[in-house]
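Q: One structure follows; several queries about it will come next.
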Amino acid sequence: MTALSWACLRSRLEAAQLLLDRGSDVNHSDRTGRSPLDLGSFQGSSALIALLLERGALIEHMDMNGVRPLDRAIACRNINVVQCFLRKGAKLGPATWAMAAGKPEMM
């Protein structure tokens, strides 16, 4: 994982912004296909997600298992990030609905 990936996983907005300002690749994927946007979806803030999207992160990127950042945010019950993705135009798919099953706050 890159330094940007770690910053996003740990929800370090200022570190992510600095790394992006210094030329980090916003769409670099790790061995399992997870991008910084995917990793930020776990427990990141909506401000971090908005920054990544503003800098060109691919909102519909899928990891090796076919999981998109929106689906991951739903699975982690990260409501603020889910709302951010929906405001930015993330598409709802079958995996999205499967992840939301049994989570009434996500519906």
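Q: Restricting attention to the range 46-100, report how many residues are under 11 Å from the mean Cα position of the chain (by Cα), β-branched (Val, Ile, Thr) and in a helix (DSSP H, G or I).
A: Number satisfying all stated conditions: 4.
Q: Just to be sure before I move on: is ALA98 among the aliphatic types (A, V, I, L, M) and either farther than 19 Å from VAL26 by Cβ or touching a residue at least 60 places away in the same chain (Cβ under 8 Å) (or both) in the structure I sent?
A: yes
Matching residues to (1) loosely packed, with under 15 Cβ neighbours inside 10 Å; (2) of a type outside the set (Val, Ile, Thr); (3) over 11 Å from LEU37 (Cβ atoms); (4) at pLDDT 85 or above:
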site: ARG68; (1), (2), (3), (4): no, yes, no, yes
site: ALA73; (1), (2), (3), (4): no, yes, no, yes
site: CYS76; (1), (2), (3), (4): no, yes, yes, yes
site: VAL82; (1), (2), (3), (4): no, no, yes, yes
site: PHE85; (1), (2), (3), (4): no, yes, no, yes
site: LYS91; (1), (2), (3), (4): yes, yes, yes, yes
site: MET106; (1), (2), (3), (4): no, yes, yes, no
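Q: Same structure, new question: Under 7 Å between Cβ atoms, which residue pairs at least 6 apart in sequence (or on different chains) link something in the range 41-58 that is within 16 Å of GLN83 (Cβ to Cβ) with a partner that is basic (Lys, Arg) and surrounded by fewer than 17 Cβ atoms within 10 Å (Cβ to Cβ)?
A: Close Cβ pairs satisfying both conditions: LEU53/LYS88.
Q: Further question on the same structure: Taking the stated definitions as given, is SER24 crowded, with 16+ Cβ neighbours inside 10 Å and either in contact with a Cys (Cβ under 6 Å, 6 or more places away or on another chain) or touching a residue at least 24 places away in the same chain (Cβ under 8 Å) (or both)?
A: Here the answer is no, as SER24 does not meet what is asked.
Q: Output the number of residues of the range 21-40 satisfying the condition of being in contact with a helix residue (DSSP H, G or I) (Cβ under 7 Å, 6 or more places away or on another chain) and either closer than 17 Å to VAL82 by Cβ or in a helix (DSSP H, G or I) (or both).
A: 5
Q: Looking only at residues in the range 8-21 that are touching a residue at least 24 places away in the same chain (Cβ under 8 Å) and small (Gly, Ala, Ser), which one is surrounded by the most Cβ atoms within 10 Å (Cβ to Cβ)?
A: So, considering only residues that are touching a residue at least 24 places away in the same chain (Cβ under 8 Å) and small (Gly, Ala, Ser), the one surrounded by the most Cβ atoms within 10 Å (Cβ to Cβ) is ALA16.
Q: Test MET1 against the stated conditions and say whether it is in contact with an Asp or Glu (Cβ under 6 Å, 6 or more places away or on another chain) and either surrounded by 17 or more Cβ atoms within 10 Å (Cβ to Cβ) or not polar (S, T, N, Q) (or both).
A: Here the answer is yes, as MET1 does meet what is asked.
The values are calculated or read from the model by the stated rules, or taken from the named source; none is laboratory data. Computed from a predicted structure; not experimentally measured. Quick reminder, even Gly has a Cβ in these numbers, built from the backbone with ideal geometry, and neighbours come from all protein chains shown.
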